[in-house]
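Report on one structure; see the data block that follows.
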Amino acid sequence: MARDSRHLVGLSTLSGEAIASILDDASRLRDRVRENGPSTDLAGRVVALMFMEPSTRTRSSFTTAAFKLGAQVLPFDAASSSTTKGESLLDTARTVVAAGADAIVIRHKQVGGAHFLASRLSVPVINAGDGIHEHPTQGLLDALTLRDALGTLEGKTVAIVGDIRHSRVARSNCFALPKLGARVLLAGPGTLCPPELAALGVEVRRNIDDVLDEADAIMLLRIQRERIGGALLPSIDEYRRFYGLDVERLQRRPELVVLHPAPMNRGVEVAHEVADSHQSHVFRQMENGVYVRMAVYMRALEQEVV
Ligand code: CP
């Protein structure tokens, strides 16, 4: 059931063609919204946003994506839900479906949370982040932003720098970008970017200076303190020195495209001036998130983008 193509559980199982098709749909929807405003493609449909972990960008863009297609959003607040009384994830999701949801968007700390629901529910399930595993819609919006900025991903080099080990964003990008023809370089502290990651079909380097000159684009990642113990962490100063993109480094590469999935720790992995520079595409990523999520809803609810 999790192989049902209405679900979006991760990018590891999608072909390059399927990924490119979602990006094309997102791009078409963006043109349509800019020209004509919201549509009624999904009028009468209900999507439930089950966020069991904090979110600003993903939740708000799944919400506006639904509105722009005429769908209703079934509000779900984990903190005031009956999960706090011990109700299981599956019973909670079944309840939301019984209440009328036509699709479920799920963010959960458990790796495999979305897959678990996708293999048990009759409605499509969209993964909005499962622990450290995958964040497929973020990977798609990153790819769309890169394609916009670079014209194509074919033959381009994308560096991802920072806490790769705990980053579901990095993982989804490592699955998607090579399928679109890009080469991926990873760099980060040894404990947060172990050499075994090369098994994902990417190259692992030591620090930002080892990738900066070869990259057409760079994605900075924050240290995910909420997921790791202090023992693995370098000091903030050390992190900034070896893995941070500051003004001096940016000046070496005036054409470099800068991405960050956010939230950003300004002054650590990315300098204030870099985050706000014309080379930064961070807020374009967020805007593209709406169009990618519109495309994902259309695919989940089996509507053609015309
Ligand atoms: N990039 C991202 O997933 O941000 P949120 O955690 O705010 O949704």
Next on the checklist: For segment 94-114, give me the residue count where each residue is open to solvent by 30 Å² or more (accessible area, probe 1.4 Å), of a type in the set (A, V, I, L, M) and either touching an Asp or Glu at 6+ places or on another chain (Cβ under 8 Å) or within 13 Å of the ligand (Cβ to nearest atom) (or both).
Outcome noted: 1
Item to check | Residue in segment 6-13 that is over 24 Å from Ala262 (Cβ atoms) and free of Cβ contacts under 8 Å to residues at least 12 places away in the same chain present | outcome: yes
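Enumerate the strands (runs of 3 or more DSSP E) found wholly within segment 154-246, keeping only those where 2 or more residues are open to solvent by 20 Å² or more (accessible area, probe 1.4 Å).
Details: elements: 157-161, 183-187, 203-205, 217-220.
Per the criteria, 203-205.
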Checklist entry - Which residues, counting only those in segment 58-92, are in contact with a helix residue (DSSP H, G or I) (Cβ under 7 Å, 6 or more places away or on another chain) and among the aromatic types (Phe, Trp, Tyr)? => result Phe62, Phe76
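Check segment 17-28 and report whether any residue there is over 25 Å from Asn173 (Cα atoms) and either open to solvent by 30 Å² or more (accessible area, probe 1.4 Å) or in contact with an Asp or Glu (Cβ under 6 Å, 6 or more places away or on another chain) (or both). Before you say what the answer is, go through the steps one by one.
Here is the first cut: in segment 17-28, the residues over 25 Å from Asn173 (Cα atoms) are none.
No, there is no match, as no residue in segment 17-28 is over 25 Å from Asn173 (Cα atoms) and either open to solvent by 30 Å² or more (accessible area, probe 1.4 Å) or in contact with an Asp or Glu (Cβ under 6 Å, 6 or more places away or on another chain) (or both).
Which residue, of Leu90, Leu117, is surrounded by 22 or more Cβ atoms within 10 Å (Cβ to Cβ), assigned by TED's automatic domain parsing to the domain that holds Leu42 and of a type outside the set (Asp, Glu)?
Numbers: Leu90 fails: surrounded by 22 or more Cβ atoms within 10 Å (Cβ to Cβ).
Exactly one of Leu90, Leu117 is surrounded by 22 or more Cβ atoms within 10 Å (Cβ to Cβ), assigned by TED's automatic domain parsing to the domain that holds Leu42 and of a type outside the set (Asp, Glu), namely Leu117.
Can you tell me which residue within segment 46-60, out of those that are β-branched (Val, Ile, Thr) and either open to solvent by 30 Å² or more (accessible area, probe 1.4 Å) or away from the ligand (no atom under 12 Å from the Cβ) (or both), is farthest from Ala71 (Cα to Cα)?
Top of the filtered list is Thr56.
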Checklist entry - Of the numbered conditions (1) within 16 Å of the ligand (Cβ to nearest atom); (2) without any contact (Cβ under 8 Å) to a residue 40 or more places away in the chain, Ala18 satisfies every one except a single condition; which is it? => result (1)
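Any idea which of Ile132, Ile126 is in contact (Cβ under 8 Å) with a residue 40 or more places away in the chain, part of a loop (DSSP other than H, G, I, E, B), within 14 Å of the ligand (Cβ to nearest atom) and not basic (Lys, Arg)? Can you show your working first?
Numbers: Ile126 fails: part of a loop (DSSP other than H, G, I, E, B).
Testing whether each residue is in contact (Cβ under 8 Å) with a residue 40 or more places away in the chain, part of a loop (DSSP other than H, G, I, E, B), within 14 Å of the ligand (Cβ to nearest atom) and not basic (Lys, Arg) leaves just Ile132.
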Checklist entry - Which members of segment 135-153 meet the condition of being open to solvent by 10 Å² or more (accessible area, probe 1.4 Å) and more than 13 Å from the ligand (Cβ to nearest atom)? => result Arg147, Asp148, Ala149, Leu150, Gly151, Thr152
Next on the checklist: For Glu287, only one of the following conditions fails: (1) assigned to a helix (DSSP H, G or I); (2) out of contact with any helix residue (DSSP H, G or I) (no Cβ under 6 Å at 6 or more places or on another chain); (3) open to solvent by less than 10 Å² (accessible area, probe 1.4 Å). What is its number?
Outcome noted: (3)
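The values are calculated or read from the model by the stated rules, or taken from the named source; none is laboratory data. Bear in mind the structure is a predicted one, so any value in this text is a computation, not a measurement. Don't worry about glycine lacking a Cβ; one is built from the backbone with ideal geometry, like all the others, and counts go over all protein chains shown. The accessibility values were calculated without ligands, DNA or RNA, using every heavy atom of the protein model including side chains. Shrake-Rupley method; radii C 1.70, N 1.55, O 1.52, S 1.80 Å.
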